[in-house]
1. Hey, can you tell me all the residues within segment B:482-535 that are on the phi > 0 side of the Ramachandran plot and either within 14 Å of another protein chain (Cβ to nearest Cβ) or crowded, with 16+ Cβ neighbours inside 10 Å (or both)?
2. Please tell me if A:THR240 is among the hydroxyl-bearing types (Ser, Thr, Tyr) and within 14 Å of chain B (Cβ to nearest Cβ).
3. Please verify whether B:ASN477 is within 14 Å of another protein chain (Cβ to nearest Cβ), surrounded by fewer than 18 Cβ atoms within 10 Å (Cβ to Cβ) and of a type outside the set (A, V, I, L, M, F, W, C), treating the condition exactly as stated.
4. For segment A:376-394, give me the residue count where each residue is under 24 Å from A:GLY297 (Cα atoms) and facing another protein chain (nearest Cβ under 8 Å).
5. What's the number of the only condition in (1) more than 24 Å from B:ASP428 (Cβ to Cβ); (2) assigned to a loop (DSSP other than H, G, I, E, B); (3) in contact (Cβ under 8 Å) with a residue 60 or more places away in the chain that B:HIS358 fails to meet?
6. Go through segment A:377-409 and give me each residue that's touching a residue at least 60 places away in the same chain (Cβ under 8 Å), surrounded by fewer than 17 Cβ atoms within 10 Å (Cβ to Cβ) and farther than 25 Å from A:GLY276 by Cα.
7. Is it true that B:PHE577 is at pLDDT 90 or above, crowded, with 17+ Cβ neighbours inside 10 Å and within 12 Å of chain A (Cβ to nearest Cβ)?
8. Failed condition for B:LYS603, given (1) of a type in the set (D, E, K, R); (2) surrounded by fewer than 17 Cβ atoms within 10 Å (Cβ to Cβ); (3) more than 22 Å from A:SER396 (Cα to Cα), with all others met?
Amino acid sequence: MAEPETLSPETGERPAPSGGAEIVFVMPSVSTAGGLSDAAGRIRQALDGLVPPAKIVLVHPEGAAPDPESMREAGGPALLALPVSPIDQFPAPGENRPEAYRAIFQATSRLGARGCIVVGSDPATVSPEALRRLAQPIVEQSLDLVTPLYLRRRFESLLQSGVIAPALRALYGKRIRFPIGSDFGVSARLIEQHLQLPAGARVGVPVWLASDAVCAGLQVGQAHLNVPIPAQKDPPEASTAVSRVLGALFLDIDRHATHWQKIRGSQSVPVFGTGGAAMDEPGPVDVSRLIETFRLGYRNLQDVWSAVLPPASLLELKRLTALAPADFRLPDELWARMVYDFALAHRLRIMNRDHLLGAMTPVYLAWVASYTIEVGTAAPAAVEYRLDRLGAAFESQKPYLVSRWRWPDRFNP
Amino acid sequence: MIKPSGSATDPLWYKDAIIYELHVKAFYDSNNDGIGDFQGLVQKLDYLQDLGVTCLWILPFFPSPLRDDGYDIADYLDVHPNYGTLDDFQSFLRAAHDRNLQVVIELVVNHTSDQHPWFQSARQAPPGSPERDFYVWSDTDQKYRDARIIFTDTEKSNWTWDPVAKAYYWHRFFSHQPDLNYDNPFVVDEIVKAMHFWLDMGVDGLRLDAIPYLVERDGTNCENLPETHLLIKAIRAEMDRKHANRMILAEANQWPTDVRPYFGDGDECHMAFHFPVMPRIFMGLRLEDRVPIVDIMAQTPPIPDTCQWALFLRNHDELTLEMVTADERDYMYFAYSADPQMRLNLGIRRRLSPLLDHNRHRIELLNSLLLSLPGTPIMYYGDEIGMGDNIYLGDRNGVRTPMHWNADRNAGFSRATPGRLYSPVIMDPIYGYEAVNVEAQQSDPSSLLNWTRNMIALRKLFRVFGRGTLEFLHPTNRKVLAYVRRHENELVLCVANLSRFAQPVELDLSAYEGMLPVEMLGYVEFPTIGREPYRLTLGAYGFMWFEFHGESQSLATRTSLEMEMPLDVSRGWDGLFEGFQQERLEAALLPRFLATQRWFGSKTRRMVSARIEDWGPLAESGAVLTLIRVSFETGEPEDYVLPLAVRFSEAADSLLASSPSSVVSGVSDGERIGVLYDALGDDAASMTLLGCIESGCELPTREGRAKGVGGTVLAAIQGTAREALPIRRMGGEQSNTSVAFGERLILKLFRRIEAGVNPDCEINRVLTERAGFDHVPPFAGTIEYQRDGESTTLAMLQGLVASEGDGWTGALEELHRYYEAWVPRPFPAQTPDPREYVGIYLDAAATLGRRTAELHLALAAETGDPAFSPETLTPEYSARLSSEFHDRAARTLDYLKDNLPRLPDEAVEEAGLVLRRRRELLGRMQQLPPAMGGRRIRVHGDFHLGQVLRVRNDYVILDFEGEPSRSLTERRMKHSPLKDVAGMLRSFSYAAYAALFSYAARRPEAVDQLKPWARLWERSTGAEFLRAYRETIAPGLLLPERPADAEALLQAYLVDKAMYELRYEFDTRPNWVRIPLWGLSTL
């Protein structure tokens, strides 16, 4: 597909500042004039004293119909509409598409801005302080990627918490809690690096945003937004979500294999702001369906799992099928090794990749069930510690991945 | 002008390349005419990409009569019809580039075929015409007589008579390959045209064949002439003028020093084959000795940064033995070519696998060397599956047979009638295509093909192999070859066992102390490197590659959320030391904290956990005292004491800014953010510890109690004033932490603790309270931890001594003045009077001698305490001492001998002198008189100038703790007081020479001049110290009665101490090894 032209002066309500912009805001979920004005006000307030309003550009979808008069009176920020195509394609949370990223990155690059802030959450819920925490590290502290820290319920965003975050921690040595959050800030450096890649070089869920930054030696931070994780409008089926998210992760692992094999241990990244009060938590969750799906998978997917997993893991899974729900526990180390085994199978293309990812869903649901039972009604700090232990398990099992990656012999324990 | 680049974006791509050498005719036949072709090669590119090679070197494919396998070129600008067309070549080139494979082709510049139109014109053209001068003609075959004949088996002369031209023409190879005449500029133009023809098409590199022979001059051997280099520079300049990111690979079968000029200043060839290393790898393997390999690499000169050696095990030619000595050549023939049919010219025409008797381990070992020695590896087609050869095919055709793709007819190479094949396939039962082929090995996970693919992938992960420096290690076992490669932050150790049996090896890796070796194939962590020799055992023909990492992974893995997830202290210390918070502390936070503390002794051991064994509040201070047991992956656990406290808000920020290393973790009480930190940085906690001693109070803990005990002189030290004493933390300590209270008291917290009597406390207390010895800081109290009936000293309180610094610093300052004063003057011819030169420091040495003797007398005073009662120096003890000293000295001298090559050049001579005295030194240890009398008493044990303080022209003696790495029992043993005397005498020697080094750093020319001055200082201060010591100690019975016995014992202690120093310096500060060597050569 040809790349869409990113900026269209004809459709912009205010032209881009003649001296260029310092920071670009993108709020894909704002679709009304009122919402746009409100967002503009919040941005002005957020960046007060940091960036002159005239040097801020707010990119919005065509048709949002902002009130140019009021914007002019307010002195900024400038508004620029992207052509319909990329804005329409801009992802709803959880539906990220690379074309949209490329479009907004190109817009930022052409404006000569220092960076770009994407706010995927409902801007009405994000405080000016939180917006500032996303922007300030980019503008003032030379960070290159600022990822969000959300108020999290214990069973939310488990693909991110249970696979992406611990895997990226183990692989790239950076502890990023929400590496594929919908709210983030990126620097011009990271943007330029991305734009040097051929179109289509980065596809799928943007796991690559963090890994590309780390592999290029760029600086990553996290900002407390004190908002919940943005809800998805139409959450996909579990198998679809697993396929999308883990497919993106596995591609990323293959892409950066020479880099992550040399990284050991992990470090925290700078955190901006402090976390807010804990969210209301739901009560106990019934995991019997998850366990049943896993057992069904065990019966039906033996051939696939046998091609991917070593005998010791298969034995563990067999034992798991026999456990009562109350005792159902999938050890972190086993889970980490199985994620790595599937990543290796994905790399070696031992079967159709869609089938492979589909076959991983029951295993993932087994981990979800185990985690859910274990966490139960634990306090937020205990949940975070639990997830930290999971990250440590992914780290401790990384030698397993490296050894299998380097010596992909099926004859292993 | 933007120059068209090849397919690679990195101009130095060839440094990281894995080159695969193949012949089009031998690879795959697409049109079933029995000869491989470019279309067939395209069909096999996926195989090559999957194998992991990055560059293809295609042997000559140009029109040719094929009398030298294509190296006899008849047209430089076309493709031999057997292999396809120019279009086919271009299709191949595109397909290779699409797979990120670079392509190198041949540019045979030395000669053409005699069928080349240039030669046909030349022989017809009149002498002196430009056409005639394309080649080298002579009326006689006596010119250039000094040039050797290369193809000795087939050629008798480098000249051949041409009946048409009626003249001799020059040829360094076969007679049908006349040499081009590069004195003719038209020849250069034509060759440059040919080069641009292929580079314009997109070819990435050119192998320049036989380049040492391009130019001939009478009176020379016609090899490597200056004119040849000018010519190559011109060709390179032409390449660079029009093209980017291309490469020239030189074929110059010469010694490395002769090949070196072909790199020029980076303006001739980018790469050159390293011919001599190849036969030496085979030789080293057969001899089971690394020396041939190390030796040739030592003879390999450095090359420009943009240049690279090309390494190979086998290629399309014979295993050439031109670059070995006659004896080596004979050995190689005996070793690798039992059948004379295997020999050709000066070489052996065999493939890799048959050369190694089809032994998989040997093949893997040699490939591991190929992939890890400095240079770009070149693999010959078929060797990745262990193909065999056919020595009966004539010339070198036996190693150029069709590739084995599968077990079908013609090995899957061609569907032609077998008789039409350009060469029969290998069919013997061991190497035949039915047994050895790609298809079978692809389906065999354990095949050589899969092994090779994995090894190539591994090599490509690390740029260090292509770009790194090389440093050989020198283990005593010569069957083991070990070397370190380093590039930027990559550090790799390669170890190879050249023997057919398992071999042990001890590697000196002390330069990498603290690093973690990870075996690269399986990513297996090995023990952390320490100062001791690193021991490995390798199986028969085994090899190991290690990547070195800077820190222990096990700790990093367990490190937790750090500051981003503060510990919850809202429920106080109880809440902190239970449940998952305790788990976090013990598994992650405390191990990480301890590993960064200066006082933590086992930094090179792999920590598993740091368990809080016991804890209790430090009275009202808000802090707690914790006792922590640190467990390691191997070995005994260690116990540490750590007071902890919490600060919030601005106080926490201030601590983070001023002393971040004291912070264990972030904390939160729900409202405020703060830090958990080492409470010895907290005034209230420090005052509590002091108060505990002053009042003799008890601090209950969960499992025991800590009890303060004041010394008898505490009240006197404190005086009557009751004002709050300012608190300051002392720096510079290694294993403990001290806090000073005003100018009166100092509290030393012993960080690593052990149940039992602490010798530092014990001796200080006895000297202060019983012996009345006032040249130690007065003992003022202690804190003892009691649990389960055992007592452990946690801290000692002493009177603070106002000093002018320690004795070591004072000696260095004095020596600096001394050298400054005497360096301009020649050392006096007559024995000088030391007092005239060394001056008042002799008085200081005498004072120290007196104090040392007084210390010993005090320690020997009868107190009724058996721990201090002097014991007779029995014959049994004397014999044991003699044996210990002798064994230690013998081990050290053996070590010195084995490691002579590692010594700095300037120390080798002194080492030789010491080794020459081996018998005498060892004899001295064995000659300790059995019944010499004297006493064993408690001594300082680690006595040197750093352990004394200078106090108004006098000395105070410190630190009776002994060596912390030893057990309390060992540290409390009794010795002859001469042990301390020897320690101090060696310390004078150290000071003299350490100051000399320091001085010489600025004035290196003064070293030799200053040595006699250093000796004068060392001897005169030592003599004065000894004189005063003997005078003072004389009334007692502590020393052996007969002066000769005392002298023998002292000398034995001195030699033993110097031996210890020698080993220590060897492993830690090789540049200082001269100090103990000087000592041992003069003792």
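The values are calculated or read from the model by the stated rules, or taken from the named source; none is laboratory data. Nothing here was measured: the structure is a model prediction, and the numbers come from that model. Note that each Cβ is placed from the backbone with ideal geometry, even for glycine, and that neighbours are counted across all protein chains shown.
1. Once the filter is applied, which keeps residues that are on the phi > 0 side of the Ramachandran plot and either within 14 Å of another protein chain (Cβ to nearest Cβ) or crowded, with 16+ Cβ neighbours inside 10 Å (or both), segment B:482-535 yields B:GLU488, B:TYR523.
2. Spelling it out, it is not the case that A:THR240 is among the hydroxyl-bearing types (Ser, Thr, Tyr) and within 14 Å of chain B (Cβ to nearest Cβ).
3. no
4. Going through segment A:376-394 one residue at a time, the tally reaches 0.
5. Failed condition: (1).
6. Residues satisfying the conditions do not exist here.
7. Answer is no for this residue.
8. Answer for B:LYS603: the failing condition is (3).
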